[in-house]
Amino acid sequence: MPVVEGQDYHLEGQEVRLTLLHTSDIHSRLIPYDFAPLKTDQDLGLVPEAGPFGGATRMAALLKRERERGERVMHLDSGDCFQGAPIFNLNNGEVEFRFLSASRLDAAVVGNHEFDAGALNFTQQAKQHATFPLLAANYNWNDWRQNGSNETALETSPYTIRNIKGVRVGVIGMANISSLNSIVEGGNSMQVTPLEQNEVVRAYVALLRPVTDLIVIVSHLGLTEDQDVIQGYEAYYEYGRARSFIRRESNPWQVLEWFGPEGHEKSVVRVHIPGVSGVDVVMGGHLHVVLNPPQLISDPSGRKVVLAHSGAFSKYVGRLDLVVKMPDVLGSGEGGEVISQDYRVFPIDALWCDDAMRRFRYDPNIFWEDGQFIQIPAVRAAIDKCREQEDRFTTHMLQPYIIGMDMKLQLTNIFAYAPTDVTRRNNSTGGDSPLGNIAADSMRKRRRVDAQMALTNSLGIRDNLYSGVISQESMFNVFPFENTINIMYISGKEMQEMFDFVAERSAERGCVSQAQISGARFTMDCAQVQINDLRVECDISMAGADCPTDNREGHAPWQCLQDESSSSTKGRCYAHPGTDIQIGDEPLNPFGTYRVAVNDYIAKGGSGFNVLKRNTTRQETGISLRDSLIGYMQDFCTCDDINAGFATRGNKPDGQRCGAFIGGRWVVNERLVASCREMQDYENELAARVGSCSCGDLARNGFDASKCGAPEITNADQARAACIAAKPVGDCTCAGLAAKGYDPAGCNAPGVDDTAKAKAACTPSPGPFTGRCDCRDILSGTNPVCGTVTQQLRNFCSNPTAMPIADAVEDGRIGRRVK
């Protein structure tokens with residue numbers, strides 16, 4: 001083979017720039033999608049009008065652009081590229097790995113959602129489509145040579161070393177443990193044993209430090225765990241298991257507290273596990289946050305470690321520029337030192353390539369009215385320019401997968417309309433949420449389920465339903481996982497344990513409910529959880545009578561539980577944190593048995609629901625949570641029902657009730673009534689006649705009235721004015737109201753009782769907001785913001801009052817106590 005001349009790098013003592021491009025938690029968002037950017041997103045530069053957001057073609061182009069702007073560049077990904085959009089449900093991760101491979105990814109850590117379709121699927125997809133190292137230093141895989149092995153050990157590594165033009169970078173991958181509860185048990189389906197994170201990092205730093213200049217952790221542990229690796233943390237262990245770490249000379253674990261006889265093998269000890277020295281950078285993920293600027297954390301030796309997170313759902317790409325002081329003698333084992341860093345996050349929206357236009361949008365001296373910014377010709381031109389710069393190879397790669405989704409999933413199908421966002425979180429009390437309530441209701445009331453109560457984990461609901469039309473794609477965003485409804489028969493005692501667990505898990509997360517329920521009510525006593533954690537000693541024989549008596553009003557009565565780590569006569573004070581439990585209209589019967597609907601994930605013990613895992617009555621229905629909620633919402637009342645004052649859908653005795661059950665009665669909230677009234681006004685406007693044409697027909701053909709038999713109308717402006725003049729307001733028209741100074745007397749128009757309201761009723765209505773633009777723009781076809789307009793969307797905009805209305809509220813079924 002011919003020999004070519006290479007390049008030798010002599011970087012001794014130099015200050016060298018190294019760029020780390022960072023992505024994380026892509027969650028299959030390879031196709032741009034709509035959502036309502038939060039204030040935190042806007043603070044990071046995401047332009048709310050410049051949807052849809054994310055997408056692989058933009059991300060690929062941005063990564064290529066940033067690679068070209070740096071001399072020494074690495075791209076690292078912090079895991080969870082799988083699961084979260086329909087493209088994963090059909091292709092099981094093939095597309096995600098192909099995209100990251102084509103983007104020249106240098107290394108990725110294994111995320112917990114990479115196993116959503118099973119460890120064997122992950123192994124096969126990695127083997128066939130991943131050309132980059134997949135890292136998991138804290139996973140000890142079973143021997144791949146055993147019969148029935150997933151062989152995942154062959155596709156993952158604990159670390160990789162990259163030589164970036166003379167800078168040797170060691171990358172250690174730290175995979176997630178907190179979200180994979182089952183892996184702490186032997187014989188789990190992943191065929192893995194998790195290892196303690198700090199000792200794993202300590203071992204690999206010792207191994208890699210002599211042969212690298214920089215050590216980077218690419219992590220999917222979570223923000224707190226990332227900090228713990230560097231700073232250390234406290235944990236509980238049996239003394240027999242921790243003894244060798246406690247007694248060692250180097251970096252010993254410090255015993256803070258004993259539970260049981262000191263020195264006894266089975267006694268529990270609270271220990272401080274020291275942090276790790278020698279790490280330079282941590283690029284983290286899992287919690288979907290952006291750290292801008294990155295955190296600077298001191299390790300035990302006093303050196304600063306850079307900790308960066310770069311968001312989720314392909315909304316951002318992070319860029320961390322480091323200046324590294326290289327050692328004076330290469331190979332001495334000293335390694336380099338980060339002497340400065342600069343971080344930037346790139347928002348990915350329709351203006352991803354134009355920083356100037358983004359600054360224009362967020363100029364503090366300019367106030368933008370709703371919809372004003374996106375209509376500016378220069379902004380539209382910038383969006384077109386960015387569209388032209390999207391990566392064509394990625395577009396070509398995605399095309400067959402997109403066609404497959406259109407054929408198999410019919411993602412544009414519309415089945416309901418939301419006047420406002422239906423949120424998955426409770427924003428006021430931390431209890432039940434609007435979307436959680438109807439999701440749980442749909443499970444309980446589903447035909448062939450008919451349970452007394454239903455419960456699903458809050459984190460299984462992954463997105464809001466945003467204001468506008470609700471499509472099949474919206475539901476894949478809400479329920480990306482293929483979870484199904486399971487029926488279980490649970491005793492009253494198990495029900496108490498389940499509600500206690502929900503309260504305890506919620507208390508760890510700011511007393512924000514980690515479950516959503518239907519057919520039941522209860523209170524999370526998060527204050528009691530904290531009291532229980534104090535492990536106040538009591539005498540077993542006194543059955544809790546010697547537990548604290550102050551400020552007990554409203555709390556459950558004390559018990560004295562046997563504490564296995566204490567002597568036989570001593571226990572610990574405990575009271576149930578799940579209180580005021582009602583199933584239906586009756587208090588929980590501790591001796592009863594209940595038919596309960598849960599999702600299959602928690603039924604198998606997911607999210608820590610061990611009380612369900614132990615139960616042996618699980619029945620699989622095969623009904624997906626997604627289909628259950630769609631079917632339930634399709635039976636919601638329409639605006640025709642609400643405007644007519646009907647109590648049920650179609651005014652049928654067995655129809656679904658309109659509104660929500662609050663305070664012992666069914667209530668349709670005023671906001672929904674107002675929205676339905678506005679929709680009816682819009683429809684009346686469309687139905688108005690100009691000659692032989694309806695105003696709806698005129699809107700669809702650009703207000704060309706030449707074929708309407710109205711010779712006095714010669715242009716579009718006159719046609720629009722004629723439609724407003726012909727609009728009915730009660731028994732009057734707007735032309736008649738104008739003639740009498742907009743006095744509504746005698747018009748029989750409910751809600752229009754003065755001149756100002758009459759003028760407002762005769763103002764052209766934009767129609768319902770569909771998610772991207774208003775129905776008026778949909779019908780006219782003149783607004784490019786609307787994107788692709790389907791016939792089904794046009795049909796909705798022609799008759800919106802016939803569509804089921806997504807009405808959901810917080811109704812207080814989950815209360816909380818924090819004092």
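Within the stretch 1-30, the set of residues being within 17 Å of Val306 (Cα to Cα) and among the basic types (Lys, Arg) comprises Arg17 only.
For first residues located in the stretch 524-540 and touching a residue at least 12 places away in the same chain (Cβ under 8 Å) and aliphatic (A, V, I, L, M), partners that are assigned to a helix (DSSP H, G or I) and surrounded by 22 or more Cβ atoms within 10 Å (Cβ to Cβ) and lie 6+ apart or on another chain with Cβ distances below 7 Å form the pairs Met524/Val502; Met524/Ala503; Met524/Ser506; Val529/Ala503; Val529/Ala507.
Residue pairs whose Cβ atoms lie under 6 Å apart, sitting 6 or more positions apart in sequence or on different chains, and linking a residue in the stretch 433-450 that is in the same structural domain as Gln516 (by TED's automatic domain parsing) to a partner that is in a helix (DSSP H, G or I) and among the small types (Gly, Ala, Ser), are Ser442/Ser628; Met443/Ser628; Arg446/Ser628. Applying the criterion of being under 18 Å from the mean Cα position of the chain (by Cα) and aliphatic (A, V, I, L, M) to the residues of the stretch 478-518, the residue that is nearest to Arg614 (Cα to Cα) is Ala515.
Of the helices (runs of 4 or more DSSP H) entirely within the stretch 700-819, those holding at least 3 residues that are more than 30 Å from Gln582 (Cβ to Cβ) and without any contact (Cβ under 8 Å) to a residue 12 or more places away in the chain occupy 734-739. Of all the listed residues (Val317, Val269), the sole one being assigned to a strand (DSSP E or B), of a type in the set (A, V, I, L, M) and at pLDDT below 95 is Val269. For the stretch 670-685, state whether one or more residues are in a loop (DSSP other than H, G, I, E, B) and in the same structural domain as Cys775 (by TED's automatic domain parsing). Checked the stretch 670-685: no residue is in a loop (DSSP other than H, G, I, E, B) and in the same structural domain as Cys775 (by TED's automatic domain parsing). Of the residues making up the stretch 438-460, those that are at pLDDT 95 or above and farther than 23 Å from Glu494 by Cβ are Ile438, Ser442.
Does at least one position in the stretch 105-117 carry a residue that is over 25 Å from the mean Cα position of the chain (by Cα), in a helix (DSSP H, G or I) and assigned by TED's automatic domain parsing to the domain that holds Asn198? No, the stretch 105-117 has no match at all.
Test Asn551 against the criterion of being assigned to a loop (DSSP other than H, G, I, E, B), more than 26 Å from the chain's Cα centre (by Cα) and within 30 Å of Gln656 (Cα to Cα), and give yes or no. Here the answer is no, as Asn551 does not meet what is asked. Looking across the stretch 352-384 at every residue that is closer than 27 Å to Leu18 by Cα and part of a loop (DSSP other than H, G, I, E, B), the one that is nearest to the chain's Cα centre (by Cα) is identified as Trp352. Of the residues making up the stretch 9-30, those that are modelled with pLDDT under 95 and either surrounded by 24 or more Cβ atoms within 10 Å (Cβ to Cβ) or in contact with a Gly (Cβ under 6 Å, 6 or more places away or on another chain) (or both) number 2. Of all the criteria given as (1) of a type outside the set (Gly, Ala, Ser); (2) surrounded by fewer than 19 Cβ atoms within 10 Å (Cβ to Cβ); (3) closer than 17 Å to Ala760 by Cα; (4) touching an Asp or Glu at 6+ places or on another chain (Cβ under 9 Å), the one not satisfied by Arg720 is (4). Restricting the stretch 742-775 to residues that are more than 27 Å from Tyr417 (Cβ to Cβ) and of a type in the set (Ser, Thr, Tyr) leaves a set whose member that is surrounded by the fewest Cβ atoms within 10 Å (Cβ to Cβ) is Thr755. Here Arg65 passes the criteria (1) surrounded by fewer than 21 Cβ atoms within 10 Å (Cβ to Cβ); (2) not in a helix (DSSP H, G or I) except the one numbered (2).
Check Val329, Val338 and return the single one that is in a loop (DSSP other than H, G, I, E, B), of a type in the set (A, V, I, L, M) and over 29 Å from the mean Cα position of the chain (by Cα). Explain how you work it out, then say what you get.
Numbers: Val338 fails: in a loop (DSSP other than H, G, I, E, B).
Answer to the check: Val329.
Does the stretch 154-177 include one or more residues that are touching a Ser or Thr at 6+ places or on another chain (Cβ under 7 Å), closer than 21 Å to Glu96 by Cα and hydroxyl-bearing (Ser, Thr, Tyr)? Looking through the stretch 154-177, none of the residues is touching a Ser or Thr at 6+ places or on another chain (Cβ under 7 Å), closer than 21 Å to Glu96 by Cα and hydroxyl-bearing (Ser, Thr, Tyr).
Residue under question is Pro587, and the condition is that it be over 30 Å from Glu262 (Cβ atoms) and either loosely packed, with under 15 Cβ neighbours inside 10 Å or out of contact with any strand residue (DSSP E or B) (no Cβ under 9 Å at 6 or more places or on another chain) (or both); does it hold? Here the answer is yes, as Pro587 does meet what is asked. Residues that are of a type in the set (A, V, I, L, M) and surrounded by fewer than 18 Cβ atoms within 10 Å (Cβ to Cβ) within the stretch 667-701 comprise Val667, Val673, Ala674, Ala687, listed in sequence order.
The values are calculated or read from the model by the stated rules, or taken from the named source; none is laboratory data. Since the model is a prediction, treat every value here as computed from it, not as a measurement. Please note: Cβ atoms are built from the backbone with ideal geometry, for glycine as well, and neighbour counts cover all protein chains shown.
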